[in-house]
Amino acid sequence: GCVLVVSVIEQLAQWHNSTVKAAVERLCDYIPGKYQIMCHMLCCIDREMNADVVCHSLRLCKQDPGQPLCHLYSPPKKEKHSSGLFHALAHARPKRKIRSKSFMGFSSVCAFPLLANLCEKITYVLRNKLPFEDFDGDKFSTFPTLRGYHWRGRDCNDKNTTVYPGRRPDNWDAKSDSNCNGIWGVDPKDGIPYEEKFCKGADSKGVVLLGDSAGAHFHIPPEWMTVTQMSAKSFANLPMAFSDEFDWPQFSEITGFLNSTIGGWTDSLYLRLRKRNRCNHRDLQNISQNAYFPINIVSYLSFSLARNQLLDYPAIVIYATIGNDVCNGERDTLAHMTTPKEMLSNVVQALRYLDSHLPNGSHVILTGLVDGRFLWDNLHDRYHPLGQLNKDVTYSQLYSFLDCLQVSPCSGWLTPNETLRNLTSERALQLSNVLKEIARSEKFANFDIFYMDFPLRQTAEEWHKMGGEPWQLIEPVDGFHPSQIAAALGTGITWQKALHEWPQVLGKENPFNDQIEAIFKDQGGH
């Protein structure tokens with residue numbers, strides 16, 4: 001974190017030909033509201049030192065005994081009788097004396113009093129994967145972030161636990177909207193409730209994603225660290241991003257519903273289901289997470305999944321942990337990957353839980369793991385946003401820095417070691433084959449089950465036809481996750497496969513869609 005922030009400050013000073021102090025003030029002016037308090041961390045920077053040297057000299061970065069000295073930038077040129085980075089660190093001194101202990105106390109943004117309350121809320125949602133603002137406890141919210149309606153359909157009555165997206169209508173919603181799809185009341189012409197007239201027998205169903213950080217749609221805006229594009233407007237979305245865990249599920253491949261503001265466009269399974277049947281409005285749940293699934297996935301689902309087997313509509317559940325089972329930041333990464341035996345046990349446990357909680361007529365789609373060799377092959381020699389100004393940081397350098405710190409999102413794929421990349425892909429294929437076999441052999445009472453490969457190859461081919469480059473399918477800042485473009489293209493490929501091979505999953509087209517939109521257009525907002 002220190003290296004990132006100091007890099008931006010030094011580049012701001014360079015780009016605007018200003019002092020470091022002026023660059024700090026400029027950056028702090030860009031950052032909105034209470035987040036400016038983080039600027040108190042930014043002091044004692046010498047423009048002549050690179051960010052690695054600054055952060056080590058401030059003791060925000062350190063070298064553990066027996067561990068390598070981690071650095072993002074190439075070490076300073078060696079002077080006579082010196083050893084580059086070690087020499088620079090030995091001679092680095094803060095511009096003014098600081099108390100190391102008190103400075104280190106602010107190395108976490110959550111140590112700031114004004115942010116402590118927000119951090120407490122985020123801790124709650126990270127632990128439970130549930131909306132923080134949910135007054136009736138039905139797992140749906142009227143608040144967008146902190147696992148609110150960016151992640152699940154928006155509640156339309158947060159004071160009534162029996163009113164939430166996805167439930168079957170109460171008395172055909174003649175008097176009120178019990179399932180939040182915006183369709184309620186009685187047609188004065190014939191006395192028939194609109195929900196009964198338009199949605200009865202319409203094969204309504206919701207969509208639920210059980211995914212990892214790719215499904216949550218992790219994204220750090222590149223303009224946050226590209227000084228040539230940076231302005232106050234660049235950081236306008238910082239508070240929202242922070243309280244959504246730097247995820248953007250509202251634009252994602254499975255549950256996206258808002259027009260993208262992070263590049264590309266939004267196309268999602270939910271939007272297509274809604275277009276096919278307007279009665280599906282707001283029936284979505286994205287319960288993905290940025291870390292590995294807990295060992296006890298049943299416990300995780302029991303906290304997070306909102307589906308009543310008796311009262312709710314069926315659901316399409318997408319099980320898509322496309323990298324978590326082979327990706328970790330451990331030095332001995334292969335030893336920490338999920339084994340085929342563990343994969344079988346974990347997924348079957350999850351499916352049995354789903355069978356006991358999903359309404360009859362539901363569907364489950366198991367998505368295979370991605371072949372992550374695509375990342376190194378298309379990015380390793382390109383410049384990262386931090387390195388574009390001075391052509392001094394490639395993705396290969398970033399990957400090595402994160403691996404050295406043991407915080408790499410995927411040590412097995414983000415490495416110059418081709419043998420390790422191949423072994424990681426071999427394990428990913430083994431685990432995909434486990435999922436494929438589960439879909440072929442396992443039977444459940446309340447849902448049918450299907451398997452599909454992660455459509456990376458088809459996505460790249462489609463993007464190439466549109467004149468795009470492969471690297472544009474990868475998030476530019478982390479160099480790891482699918483980009484907004486990749487998410488939107490993937491939706492179309494998945495939809496076409498389902499239409500041709502599993503049409504029963506998508507349900508039939510509702511012939512009343514135009515009438516619904518005409519009558520309830522003012523109630524159709526998400």
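The values are calculated or read from the model by the stated rules, or taken from the named source; none is laboratory data. Values in this document were obtained by computation on a predicted structure and should not be read as measured data. For neighbour counting, all protein chains shown are included, and Cβ atoms are generated from backbone atoms with ideal geometry for every residue, glycine included. Note: accessible area is taken over every heavy atom of the protein model, side chains too, but ligands, DNA and RNA are not part of it. Shrake-Rupley method; radii C 1.70, N 1.55, O 1.52, S 1.80 Å.
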- Unit charges at the beta carbon, dipole of the chain: most positive-side option, Leu369, Pro221, Ile31: Ile31
- Item | Label zone at Trp502, where the point sits 7 Å out along the Cα-to-Cβ direction: the range 435-459 residues whose backbone N lies under 14 Å | 435-444, 446-455
- Note on the structure: Taking Cα pairs closer than 8 Å and at least 6 residues apart, the relative contact order of the chain in percent is 15 percent
- Task: Return the subset of Lys391/Lys465; Lys175/Lys205; Lys139/Lys233; Lys275/Lys497 for which the Cα-Cα distance in this structure is over 25 Å, preserving the input order.
- Result: Lys391/Lys465; Lys139/Lys233
- Message: Taking every DSSP beta bridge with both residues inside the range 206-509, roughly what % is antiparallel (nearest 5)?
- Response: 15 percent
- Note on the structure: With bins of 5 Å, the percent of all Cα-Cα pairs of the range 229-341 per bin from 0 is 2, 8, 14, 17, 17, 15, 13, 8, 4, 1, 0
- Cα lying deepest toward the dipole's positive end in the range 412-509, options Pro416, Gly490, Tyr451, charges on Cβ: Tyr451
- Item | Relative compactness, the range 265-396, computed as alpha-carbon Rg over 2.2 N^0.38 Å | 1.37
- Query: What is the helix-to-structure angle for 418-441, meaning the angle in degrees between its Cα long axis and the longest Cα principal axis of the chain, kept from 0 to 90 and rounded to the nearest 10?
  - Reply: 10 degrees
- Quick calc, the range 372-500, dipole around Cα centre from Cβ unit charges on Lys, Arg (+) and Asp, Glu (-), nearest 20 debye, gives 240 debye
- Message: Charges at C-beta only: +1 for Lys and Arg, -1 for Asp and Glu. How large is the resulting dipole of the range 119-176 about its Cα centre, in Debye rounded to 20?
- Response: 220 debye
- Which length gain, in nm to one decimal place, applies between Thr123 and Asn422 when the Cα-Cα distance is subtracted from 0.36 nm times their residue separation? 104.0 nm
- Task: Just round it to a whole percent: the fraction of Cα-Cα distances in the chain exceeding 28 Å.
- Result: 59 percent
- Query: Which value, in debye to the nearest 20, gives the size of the charge dipole of the range 206-509 about its Cα centre, when Lys and Arg are +1 and Asp and Glu are -1 at the Cβ?
  - Reply: 800 debye
- Taking the range 462-526, which trypsin sites (Lys or Arg not before Pro) meet the DSSP loop condition and have no more than 11 other C-beta atoms within 10 Å? none
- Item | Considering only the chain, percent of DSSP beta bridges that pair antiparallel, nearest 5 | 25 percent
- Query: Helix 340-355: angle to the longest alpha-carbon principal axis of the chain, degrees 0 to 90, nearest 10?
  - Reply: 40 degrees
- Item | Full-extension gain in nm, Glu509 to Arg352, via 0.36 nm per residue minus C-alpha separation | 53.5 nm
- Query: Put +1 on the Cβ of each Lys and Arg and -1 on the Cβ of each Asp and Glu in the chain; which of Val298, Leu60, Leu311 then has its Cα farthest toward the positive end of the dipole?
  - Reply: Leu60
- Task: Mind grabbing the base-10 log of I(q)/I(0) for the range 244-304 at q = 0.27, 0.28 Å⁻¹? Debye formula, identical points on the C-alpha positions, no solvent, two decimal places.
- Result: -1.09, -1.12
- To the nearest 10 degrees, how steeply does helix 113-128 sit against the main Cα axis of the chain, on a 0 to 90 scale? 50 degrees
- Item | Rg/Rg_globular for the range 206-509, with Rg_globular taken as 2.2 N^0.38 Å and Rg from C-alpha atoms | 0.99
- Could you list which residues have their amide H under 5 Å from that of Gly368, counting only those 5 or more apart in sequence or on another chain, with H placed in the peptide plane? Met452, Asp453, Phe454
- Task: Rounded to the nearest 0.05, what FRET efficiency do Lys443 and Lys21 give with R0 = 56 Å and r taken as the Cβ-Cβ distance? Could you check?
- Result: 0.25
- Item | Whole-number accessible area per residue in Å² for the range 206-509, which is evaluated in the context of all protein chains at 1.4 Å | 39 Å²
- Once amide H atoms are built 1.01 Å from N in the peptide plane, which residues 5 or more positions from Ile474, or in another chain, come under 5 Å H to H? Ser483
